[in-house]
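I have placed the structure first, in the form of structure tokens, so that the comments after it can refer back to it.
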């Protein structure tokens, strides 16, 4: 027998983490028409008319409202596109993202 000691190898399996989610937040303003906000919510976030109206009213009453939660790149893309839709029409419509707690 040989005097070489053998040690068992430990197998390490990499753990994959889920991507951190980000909230898309709608900010209320006094200039963008409600119907336009509902239209943007339906088009960009694929909300039905009732859901879009509820989100719009919540933002109107509370000042802000979380529209949806997505992975970071999707959330940023949707927020940017929705904000740009308002800018094209001359409205100060604003959507932002922030990491979910």
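The values are calculated or read from the model by the stated rules, or taken from the named source; none is laboratory data. Predicted model, so just to flag it, every value in this text is computed and none were measured. Note that we place each Cβ from the backbone using ideal geometry, even for glycine, and neighbour counts take in every protein chain shown.
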Under the condition of being over 17 Å from the mean Cα position of the chain (by Cα) and in contact (Cβ under 8 Å) with a residue 12 or more places away in the chain, which residue from the range 77-90 is surrounded by the fewest Cβ atoms within 10 Å (Cβ to Cβ)? 89
Surrounded by 14 or more Cβ atoms within 10 Å (Cβ to Cβ), part of a helix (DSSP H, G or I) and modelled with pLDDT of 95 or more - does that describe any residue in the range 9-31? no
Of the candidates 66, 38, 74, the one satisfying the condition of being touching a helix residue (DSSP H, G or I) at 6+ places or on another chain (Cβ under 6 Å) and either surrounded by 11 or more Cβ atoms within 10 Å (Cβ to Cβ) or part of a strand (DSSP E or B) (or both) is 38
Taking the range 84-98 only, how many residues are over 9 Å from residue 25 (Cβ atoms), out of contact with any helix residue (DSSP H, G or I) (no Cβ under 8 Å at 6 or more places or on another chain) and outside any loop (DSSP other than H, G, I, E, B)? 3
Suppose we keep only residues that are touching a residue at least 24 places away in the same chain (Cβ under 8 Å) and under 28 Å from residue 101 (Cβ atoms) within the range 41-60. Which one would you say is surrounded by the fewest Cβ atoms within 10 Å (Cβ to Cβ)? 60
